[in-house]
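The block underneath contains the structure these notes are about, expressed in structure tokens.
The values are calculated or read from the model by the stated rules, or taken from the named source; none is laboratory data. Computed from a prediction, not measured in an experiment: that's the story for all the values here. As a convention, Cβ positions derive from the backbone with ideal geometry for all residues, glycine included, and neighbour counts pool all protein chains shown.
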Amino acid sequence: MTELTERTQSPEATSFSDRIASAHSLADLLRATAASQPDEPVVVGDGRSLTHGELDARSSALASGLVAAGLAPGDRVAYLARNATEYWELFFAASKAGLVIVPLNFRLAPPEVEWILGDAAPAAILVEQHLVELVPDAAVAALSGPALVFAQDAALETPRPGWTAYADFVASGPAEDPHRDSTGDDVACLMYSSGTTGRPKGVVTTVASFLWSVAAFGAQFDVSPRSVSLVPTPYYHIAAGGWSLIAIAAGGRIVQFTEVTPQGLLAHLVGHRATHVIMVPTVIQLFISSPEASQADYSSVEWVVYGGSPISESVMVRAQEVFGARLAQSYGLTETVGVTTVLGADDHVVSEHSKLRSAGRPVTGIEVEIRDAETGEPCPVGVTGEVCTRGGSVTVGYWRNPEATAAAFWPDGFFRTGDAGYVDQDGYVFLRDRIKDLLMSGGENIYPAEVENAIMTHPDVLEVAVVGIPSERWGETPHAVVVARPGRTLTADEVIAHTRTQIAHYKCPTSVEVVEALPRNPSGKVLKRELRAPYWEGRERTIS
């Protein structure tokens, strides 16, 4: 592990807020840090390391090469690879050349990759060597610019016909910044949704939205040139890409992961003296339950920021004991650049009026309203409806999909998240479920997430998904699909009896299935449609 020295902010470096305020493009963020601290590392961890100055120079060389290859402002450049420094070279090159980056999920199946490439119609593509087979020859032939390939874990083999070695392409042109920046409402990124229903949608993120989100979200967490951010998820996720951009803009460094393992997480966190750790609650659970991890030296950690689900009181208390750091929860979507609400450190306390089950309050400058999903009328305090939001981070729509864009917004500009929730009297947002997963049983609304949370309190349950299945009497009733913890056994009667001690009986599952694993898509989301399908087969309607 490389020995890291303590860093201090150079006298020439501007504050984080001033730097963001003066930036007109995403490239400006890197230009500023490269000027003030060119020799400080910006990417460490797995793969190649880079300094701010090196990242600035390499992204300029790539940008000038893409411009020389004939790419025009607004053209798309796709990235299909694991986390690598090449991603950030392409990200900032795209900004400097006025291009749009399209990060692809490298876990997708070939037909999914083919469809997204057809929809985004990139002019150029950058692919990691072992993933080249995912790219159809027809997609390569359709490019107006280069098909670039690189390797991380082995020497680069001779590229296939039509492909060019990335290192050769970068080295072949002048390392000059073309200064053809994307700014304002120019599109900066297309990030495709996971597509649990129908085709994936390309979420359009503008330069202005990125800059607004970096400023608003970064200001919450004391990022600075001395910050070291541990972000283990892939860059094609907005949480990883968005937070990493904040860290780079602050002049800090990001700890990169090519493959995530418990041992690697612990080694990088401790070895690189991480100050900001971005995790999901299940990973936090791993850290606090492992004897080795729970006894490690976490004295450098200042913030643990998590998202994806709430945290239980017991896990929160233990996490604070282990890390000795402030905890915060973030709720957002790809469509909001990951920024909507934050549950701050002051709310991570056990009390009679604890807000730990909430997603926090809206970030300053973001509006959140709970609306009736059918009429769009605002819901009273405490009444569940659809979570809707408006503000500087919200997408302008979906790429080449006006129908989906129109359906996603109310006429006054509020974006429909598709999440069900309510706001309490103190302005905290409580999420209940996805609107589409709502069950109607005997005229009563049942939110599967509430049932799942109740079942998860059973000590032998590892995972659970609840779906609606047909019922002649009630229309539909909750059905739970449960995964037991290793070495434990579960019965349907045990799960139902336990759940009845947690929530109203009408919300409890009427049937339970114990399985080895839950079906998931490449992004890790549970495929509830696959769990529902056998029960609704042959019926004209799949809901009651």
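Here are the numbers for the structure shown:
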| quantity | calculated |
| --- | --- |
| Ser193 of a type in the set (S, T, N, Q) and within 17 Å of the chain's Cα centre (by Cα) | yes |
| Test: residue in the range 161-184 that is over 20 Å from Gly65 (Cβ atoms) and acidic (Asp, Glu) | no |
| Residues being among the charged types (D, E, K, R) and at pLDDT 95 or above - total across the range 182-204 | 2 |
| Filter pass, Ser213 being farther than 24 Å from Glu259 by Cβ, polar (S, T, N, Q), assigned to a loop (DSSP other than H, G, I, E, B) and touching a helix residue (DSSP H, G or I) at 6+ places or on another chain (Cβ under 9 Å) | no |
| Test: residue in the range 372-379 that is hydroxyl-bearing (Ser, Thr, Tyr), surrounded by fewer than 16 Cβ atoms within 10 Å (Cβ to Cβ) and over 21 Å from the mean Cα position of the chain (by Cα) | yes |
| Failed item, numbered, when Ser95 is tested on (1) touching a Phe, Trp or Tyr at 6+ places or on another chain (Cβ under 7 Å); (2) crowded, with 22+ Cβ neighbours inside 10 Å; (3) not aliphatic (A, V, I, L, M) | (1) |
| Entirely in the range 52-127, the helices (runs of 4 or more DSSP H) that have 1 or more residues that are under 24 Å from Asn401 (Cβ atoms) and not acidic (Asp, Glu) | 85-97, 110-120 |
| Residue under evaluation Glu176, criteria (1) buried (at least 24 other Cβ atoms within 10 Å of the Cβ); (2) assigned by TED's automatic domain parsing to the domain that holds Ala147; (3) more than 30 Å from Ala109 (Cβ to Cβ), criterion not met | (1) |
| Residue, modelled with the lowest pLDDT, within the range 161-181, restricted to residues that are in a loop (DSSP other than H, G, I, E, B) and in contact with a strand residue (DSSP E or B) (Cβ under 8 Å, 6 or more places away or on another chain) | Gly162 |
| Number of positions in the range 211-239 that are among the aromatic types (Phe, Trp, Tyr), over 21 Å from Asn401 (Cα atoms) and under 15 Å from the mean Cα position of the chain (by Cα) | 2 |
| Residue, farthest from Tyr535 (Cα to Cα), within the range 445-483, restricted to residues that are part of a loop (DSSP other than H, G, I, E, B) and more than 25 Å from the chain's Cα centre (by Cα) | Pro459 |
| Filtered residues of the range 452-466 (kept if buried (at least 23 other Cβ atoms within 10 Å of the Cβ) and either within 22 Å of Ala373 (Cα to Cα) or of a type in the set (S, T, N, Q) (or both)) | Val466 |
| Selected residue (criterion: nearest to Leu211 (Cα to Cα)) from residues of the range 330-370 that are among the polar types (S, T, N, Q) and either touching a residue at least 40 places away in the same chain (Cβ under 8 Å) or in contact with a Ser or Thr (Cβ under 6 Å, 6 or more places away or on another chain) (or both) | Thr336 |
| The range 235-282, residues that are farther than 12 Å from Asp46 by Cβ and assigned to a loop (DSSP other than H, G, I, E, B) | Tyr235, Tyr236, His237, Ala250, Gly251, Gly252, Arg273, Ala274, Thr275, Val280 |
| Residues that are buried (at least 21 other Cβ atoms within 10 Å of the Cβ) and hydrophobic (A, V, I, L, M, F, W, C), drawn from the range 241-264 | Trp243, Leu245, Ile246, Ala247, Ile248, Ala249, Ala250, Ile254, Val255, Phe257 |
| Which listed residue is under 27 Å from Arg48 (Cα atoms) and crowded, with 24+ Cβ neighbours inside 10 Å, from Leu117, Leu108, Leu104, Leu131 | Leu104 |
